[in-house]
Amino acid sequence: MPACRATAALHAIHAQLRTRTAAVHAALDARFRDGLLGPGRYAAYLLGMHRTVTAFESTPAPPTAPDTPARSGLLQADLDALGLAPLAPAPLAFASAAHWHGAHYVIEGSALGAGMLLATLRGHALPLAFLQSHGHPGARWRAVLAGLECFSDTEVPALCEGALSMFAVAEDSFARADRRL
Ligand code: HEM
């Protein structure tokens, strides 16, 4: 990881990650196009996120990793409150630190959508331990974006591969959740 980019090139790597993952994010988004209040939608969201986040948290973090809050316990608490057993764990491994950071971008980026989803659920009788914690991106997201720009151009393919592998786990997890419900 070389010295971080100066402001002129800031967000160059973020832009590449965003472009490379736009289609897979759109596919996930489409699964929830009518929000989380329809029958089984919130349960599907919790089941899918639990499997995705647990896979990430179960994979060793490199020395370059920032402090990352554990979220699988919050998801487990919400699943318990709804009487739902989690999905079987997903296999996941990262070939390099850059792969891990690409996946970390996905996990932290999911907080942006979570904030929006949380706003739609307030006032409903649902367990919200995960979304109330995760749905406030802010400083952590800004730190992720700044950290991405510390990678060299040669590491961008590995960042993108890590992000795409994390999104693949998410897509597979939400598909499994839909089959279960
Ligand atoms: C469940 C329904 C979801 C909705 C409605 C949703 C919605 C959103 C929204 C509104 C943004 C902000 C876009 C912007 O500011 O331009 C966002 C960003 C993002 N979401 Fe989602 N999201 C969902 C699920 C997920 C999931 C499950 C993941 C990954 C596990 C994910 C990963 C990301 C990432 C990485 C970004 C950052 C994109 C960027 O680089 O700006 N999202 N999402």
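Where a number appears in this text, it was derived from the coordinates with a stated rule and is not lab data. Model, not experiment: these values are computed from the prediction. Here the Cβ is made from the backbone with ideal geometry for all residues, glycine too, and neighbour counts use every protein chain on show.
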query: Which of the residues spanning segment 39-53 are under 11 Å from the mean Cα position of the chain (by Cα) and more than 14 Å from Val106 (Cβ to Cβ)?
result: His50
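Which count do you get for residues in segment 51-68 that are touching a His at 6+ places or on another chain (Cβ under 9 Å) and either under 23 Å from Ala168 (Cβ atoms) or β-branched (Val, Ile, Thr) (or both)?
Within segment 51-68, residues that are touching a His at 6+ places or on another chain (Cβ under 9 Å) and either under 23 Å from Ala168 (Cβ atoms) or β-branched (Val, Ile, Thr) (or both) number 7.
In segment 170-181, which residue that is more than 8 Å from the ligand (Cβ to nearest atom) and in contact (Cβ under 8 Å) with a residue 60 or more places away in the chain is nearest to Val24 (Cα to Cα)? Steps first, answer last, please.
Taking segment 170-181 as the starting set, the residues that turn out to be more than 8 Å from the ligand (Cβ to nearest atom) are 171-173, 175-181.
From what is left, the residues that are in contact (Cβ under 8 Å) with a residue 60 or more places away in the chain are 171-173, 176-178, 180-181.
On the way: Glu171: 8, Asp172: 11, Ser173: 13, Arg176: 16, Ala177: 17, Asp178: 17, Arg180: 22, Leu181: 22 Å.
Among those that are more than 8 Å from the ligand (Cβ to nearest atom) and in contact (Cβ under 8 Å) with a residue 60 or more places away in the chain, it is Glu171.
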task: Answer yes or no as to whether Ala163 is within 12 Å of the ligand (Cβ to nearest atom) and on the phi < 0 side of the Ramachandran plot.
output: yes
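Can we say Gly48 is within 11 Å of the ligand (Cβ to nearest atom), surrounded by fewer than 22 Cβ atoms within 10 Å (Cβ to Cβ) and in contact (Cβ under 8 Å) with a residue 40 or more places away in the chain? So that I can check it myself, show each step before the final result.
Values: within 11 Å of the ligand (Cβ to nearest atom): yes; surrounded by fewer than 22 Cβ atoms within 10 Å (Cβ to Cβ): no; in contact (Cβ under 8 Å) with a residue 40 or more places away in the chain: yes.
For Gly48, the condition - within 11 Å of the ligand (Cβ to nearest atom), surrounded by fewer than 22 Cβ atoms within 10 Å (Cβ to Cβ) and in contact (Cβ under 8 Å) with a residue 40 or more places away in the chain - is not met.
Can you tell me which residues in segment 112-169 are in a loop (DSSP other than H, G, I, E, B) and in contact (Cβ under 8 Å) with a residue 60 or more places away in the chain?
Step one: filter segment 112-169 for residues in a loop (DSSP other than H, G, I, E, B), giving 122-128, 135-138, 149-152.
His124, Leu126, Glu149, Cys150, Phe151, Ser152, listed by residue number.
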- request: Of the numbered conditions (1) away from the ligand (no atom under 16 Å from the Cβ); (2) part of a helix (DSSP H, G or I), Pro91 fails exactly one; give the number of that condition.
  value: (2)
statement: Among the residues of segment 122-151, the number that are buried (at least 18 other Cβ atoms within 10 Å of the Cβ) and in contact with a Phe, Trp or Tyr (Cβ under 8 Å, 6 or more places away or on another chain) is 2
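So which of Ala88, Ala70 is more than 14 Å from the chain's Cα centre (by Cα) and of a type in the set (A, V, I, L, M, F, W, C)? So that I can check it myself, show each step before the final result.
Values: Ala70 fails: more than 14 Å from the chain's Cα centre (by Cα).
Result: Ala88 is the single residue among Ala88, Ala70 that is more than 14 Å from the chain's Cα centre (by Cα) and of a type in the set (A, V, I, L, M, F, W, C).
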